[in-house]
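To keep things clear, I will list the structure first and then write my remarks on it.
Computed from the coordinates by the stated procedures, all read-outs in this text should not be read as laboratory data. Predicted, not measured: the structure shown is a model, and the values here were computed from it. Glycine also receives a Cβ, built like all others from the backbone with ideal geometry; neighbour counts cover every protein chain displayed.
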Amino acid sequence: MTKNIRFLTSGESHGKCLNAIIDGLPSGLRIDIDFINTELRKRQSGYGRGGRMKIETDTVEIKSGVRFGKTTGAPVCLEIKNLDFENWRIPMSVEELNFSDKEILRAVAEKSFTTARPGHADYAGSVKYNLEDLRDVLERSSARKTAIEVAVGAVAKLFLREFGIVGFSHVTQIGSAELDVRPDTFTLIKEKAEKSPLRCCDEFTTEKMKEKIDRAKEEGDTLGGKFEVIYSNLPVGLGSFVQWDRKIDGILAQALMSIPAVKAVEVGIGVDAAKTPGSKVHDGIKIKNGVIYRDTNNAGGVEGGMTNGEPLILKGTMKPIPTLRKPLPTVDLHKKVQTEAHFERSDTCAVPACAIVAEARTAIILADEFLQKYGGDSIGEIKRHYGK
Ligand code: EPS
């Protein structure tokens, strides 16, 4: 399927920087850099993050495609510098190095490893790309690259905001600590979640989640969890039922499933639909003063692969980060002997960050689908098409 808004990213976890080129943005979109940087800060924060987040202060630099604060219609290039690169100049050198220099050899060897970490891309990546030093796999497979994706998502959010479409995310589970009571309105859920170090809208559950993370950290373990992404004010009819690859739930599921460590994606009632009778799953359609509405939204705003005007509700499940201080058994792929997995500084829990990444990915898909439906090369033209 041709995309209206396309983007590619590049960059390694400890390389110089992360980049993205976004193609297909209309002209006249106001780019609020502070907004992008606020989104980046949200991705960096969250209880349970590791040492790296203390080193970085992710901020975006716009390299092209924007003039006097607005897009021109040209591709937009974004960059986030990796401040940690200063500590990795030798092991992450782009230039060839003189390995007969003992200092250089030692600096590179210190960061090389051949003991594949179970659950990471290490083993399959080394076989696929014929890479002996697993550093070459780790660097690009690291979730570090989600920083630049959040910047791209923030641009997509700015586009959606022009049409009144807004979204947020919140965390509903960390390990066995689950949210069971939540405020009635999205506004309250958002407000409370934004104040919680775990993006959880209930203070008591936040505390339980913190305890679980502290325990896991003490034990050299990690924790996963669940989150929700909610977007409101969407028009009816983004996506389509006419072809399998145009169904918006399928497209969104792919976008969320491909976030590092995400193992399941649900739409609306999700997996609970299996145990609930049809009469209780489907949302009756009602009308008042000519306005169509629903009392329930089990469909999560999607019917027949299209948005139906109700809020879009997506749920994601993140597995625990596989880098463990108490390492799992593995094989040294060079020596071909049984051993223990390499340990590298990491997070105990990154579910709140994952929720922000999911929010960003959702925004990118929604912006693309919105442009597909309403079309136009400038914000003014799209607004005319949308009837605003
Ligand atoms: C991350 C940066 C990484 C990790 C983490 C996410 O930095 P470093 O490896 O230098 O500590 O903290 O990546 C993973 C846990 C992973 O599995 O990829 C970031 O910016 O989000």
Original post:
Can you give the net charge of the other residues whose Cβ lies under 9 Å from the Cβ of VAL76, counting K and R as +1 and D and E as -1?
Top reply: 0
Original post:
How many angstrom separate the Cα center of segment 206-273 from the Cα center of segment 55-107?
Top reply: 30 Å
Subject >> Between segment 136-152 and segment 175-205, the alpha-carbon center distance in angstrom >> reply: 27 Å
Original post:
SER378's amide H: which non-local residues (gap 5+, or another chain) put their own amide H closer than 5 Å, with H modeled 1.01 Å from N in plane and none for Pro or chain starts?
Top reply: SER27
Original post:
aspartates and glutamates within cross-link reach of LYS111: Cα-Cα under 12 Å, excluding same-chain residues under 8 positions apart?
Top reply: ASP133, ASP136, GLU139, GLU344
Subject >> Largest to smallest principal axis extent of the C-alpha atoms in the chain, angstrom >> reply: 79, 49, 39
Original post:
How high is the relative contact order of the chain, in percent, counting Cα pairs under 8 Å that sit 6 or more residues apart?
Top reply: 23 percent
**OP:** Note down the net charge around ILE251, summing +1 for each Lys or Arg and -1 for each Asp or Glu among other residues with Cβ under 9 Å from its Cβ.
**Re:** -2
**OP:** Could you pull out the pairs from LYS81/LYS326; LYS212/LYS326; LYS54/LYS145; LYS226/LYS247; LYS16/LYS326 whose alpha carbons sit more than 20 Å apart here?
**Re:** LYS81/LYS326; LYS226/LYS247; LYS16/LYS326
Original post:
Mind checking which aspartates and glutamates have their C-alpha under 15 Å from LYS195, skipping anything on the same chain fewer than 8 residues away?
Top reply: GLU39, GLU203, GLU207
**OP:** Per DSSP H run of at least 4 residues, take -39500 (n - 2.57); add these up for the chain, divide by its residues and hand me the 222 nm value, nearest 500 deg cm²/dmol.
**Re:** -10000 deg cm²/dmol
**OP:** Show which aspartates and glutamates lie in cross-link reach of LYS63 when reach means a straight Cα distance below 12 angstrom and same-chain residues fewer than eight apart are skipped.
**Re:** GLU79
